[in-house]
Every structure is written in C-alpha cells, then in structure tokens.
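*Asks:* For reference, the structure I am asking about is given below.
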Amino acid sequence: MASISSLSRYRINGFIDTAKPVMQNLENIANSAGSWLTYDVTDGKWSVVINKAGTSTFSFGDSNIVVGTGLDKLYNSVEVQFPNKDLDDGNDFVRIDLLPGQRKTAEPDQIMKLNYPLVNEPVQAQLLGFLELKQSRVDTTIEFVTDFTASSVTAGDVIDVTYSPMSYSAKLFRVLQTEEINTGESIQIKITALEYDADVYSADFSRTLRSNADGVISIGDIGQMSTPTVPRIGGVPAAGTAG
C-alpha cells in the first residue's frame, strides 16, 4: 500500500488517438495532469496553467468591474472512469462520496462523472476526481466584464475581487475562463471565476494492488506427475500362499 506522497502526482499513461481533433487530445492531456489549457490573447500563444495553490495575481473592484452576476453548482459524489494498470489497462472506476456531515441540509444527490483515458494509476484518478469534487462545492462562481487592463489575466490565475453589490472584500477566486469582447467602442474582458479555497488542494490517498487473475490454474502450469508408489495393505504373504 502506498500513499500519494510516494507516487508521481500526475503522470500520463495512455494512447493518443491522432484521428481526434488536436485540441481534444490536448485537453485530455491537460485534464489528466490537473491543469488548464489557456490562450494568451496578448502573446497569441497557448500555455498550460497547473491547478494548484497560489496567490492573487490581479485585483478587481468597483472601478474596473462593468457587469457582475452570481451562479452556483453543487455535487456530492464523483465517479472517475480510467484504464487501471493493475488490470492490464482494463476499464475501471473509482467513486468518492461525501459524508453526510459534509453535505448541506436536504441536499439532493448529484454525481459528477469524469473520464481520464490517459490515467492508469488508481491514486492519481482518485486525486483528480476528489479535487474536482471539492472545487465544485465551493459556494460561488462569478461572471463579470472588466476593462482591457485585465487582458493579461488567464485561466488558472488566482484573483481577488472587491465588489460592494456582492459584499466582497478582496475575496479570492480562481479564473476558469476569459473571453475578449469588442463592444464597438472598446475592448472588454469577460471573466468567469470560481471561489478559491486552499483546503481544496489538501488530500491523500492510499492504494491496494488490484488483480484480474481468477485463480484458475492453466494446463501449462501443471507440472509432470512423479512415478506413483502403491503400498501393500496387510503383511507379506507366506511362501506358497496367494497374495
């Protein structure tokens, strides 16, 4: 049994189907490594942002937020499908359910289903699923439009928001998506971000070895029999008598 601290946190192990669109394959790789694939509009280049603990890189407030709205979404279970290397990369899944005390009152069951075709390590599959589940339960997702001064902000960045209509004071969020909007008069940036909580990234799992062996011995595994010995039952017969 091994803990995540003794294993590679993220490792890609699977086949890339070149018949699929390049972007789909890149997103599969990024998802399997707990990362975002993002496009930098200022540099005109794609890059990868690792989903890990961080600090604010940009501040937003009443002065640069043009429009703001609030959204929410809540899951309490996650099922992760992946090719398990213990089963010769056969299809397997892990499921994580929150304890009753971790759920809100009268919270309905809602399962998040994920698929990582490039992950064949069970602990990594659990970690990715648990991270997504915990992150989805953070209370607030915000969407707002800001001015072009935020053009350097990319998906994965941690930002802080001070916004009086929502009573936010330097509240931390993780950017999920940015979009450039041309109003005809100016260029604005639309940002979607999820409430940031450092506790999301604390997790540890252990694993046990799985096997697809059925315990049946094949003919080739049965060794050659030795010469049998037949013991006589009773004493040695006297001369001239029948055995």
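The values are calculated or read from the model by the stated rules, or taken from the named source; none is laboratory data. Given the structure is predicted, the values throughout are model-derived calculations rather than measurements. Note: ideal-geometry Cβ built from the backbone for every residue, glycine included; neighbour counts use all protein chains shown. In case anyone asks, the SASA skips ligands and DNA or RNA and just uses the protein heavy atoms, side chains included. Shrake-Rupley method; radii C 1.70, N 1.55, O 1.52, S 1.80 Å.
*Asks:* In what sequence, largest accessible area first, do 57, 141 appear using a 1.4 Å probe?
*Replies:* On the way: 57 90, 141 25 Å².
Most to least solvent-accessible, the answer reads 57, 141.
*Asks:* Here's another thing I want to ask about it. Determine how large the accessible area of residue 36 is when every protein chain is in place; take a 1.4 Å probe and give Å² rounded to the nearest 10.
*Replies:* Result for residue 36: roughly 50 Å² accessible.
*Asks:* Rounded, prolate or oblate, given the Cα gyration tensor of the stretch 156-203, with a/c below 1.5 counting as rounded? Can you show the working numbers first?
*Replies:* Working: a/c = 4.12, a/b = 1.69, b/c = 2.44.
Here the stretch 156-203 falls in the oblate category.
*Asks:* So, R0 is 30 Å and r is the distance between the beta-carbons of residue 143 and residue 39; what FRET efficiency does that work out to, to 0.05?
*Replies:* Values: r = 18 Å, r/R0 = 0.62.
For R0 = 30 Å, the calculated efficiency reads 0.95.
*Asks:* May I pose another question? Please give, to one decimal in nm, the separation of the simple spin-label points placed at residue 197 and residue 103, each 7 Å out from Cα toward the Cβ.
*Replies:* Reported label-point gap for residue 197 and residue 103 is 1.6 nm.
*Asks:* Which value in nm describes the separation of the simple spin-label points at residue 162 and residue 13, placed 7 Å from the Cα toward the beta carbon?
*Replies:* Distance between label points: 4.9 nm.
*Asks:* Relative to a virtual label point 7 Å from the Cα of residue 87 in the Cα→beta-carbon direction, which members of the stretch 122-138 show backbone nitrogen distances below 16 Å?
*Replies:* From the stretch 122-138, the list is 122-126.
*Asks:* Which of the pairs 45/134; 20/45; 20/134; 113/190; 52/113 have their Cα atoms more than 26 Å apart in this structure?
*Replies:* Numbers: 45/134 30 Å; 20/45 22 Å; 20/134 30 Å; 113/190 28 Å; 52/113 21 Å.
Distance filter (> 26 Å) returns 45/134; 20/134; 113/190.
*Asks:* Also, I was wondering about something else. In the full protein assembly as shown, how much of residue 38 is accessible to a 1.4 Å probe, in Å² to the nearest 10?
*Replies:* Number for this one is 10 Å².
*Asks:* Before I look further, what does the stretch 77-145 give for accessible area per residue, probe 1.4 Å, in whole square angstrom?
*Replies:* Numbers: 3230 Å² over 69 residues.
On a per-residue basis, the stretch 77-145 sits at 47 Å².
*Asks:* Between residue 170 and residue 27, take the C-beta separation as r, use R0 = 22 Å, and let me know the FRET efficiency to the nearest 0.05. Show your work: numbers first, answer last.
*Replies:* Working: r = 32 Å, r/R0 = 1.45.
That gives a FRET efficiency of 0.10.
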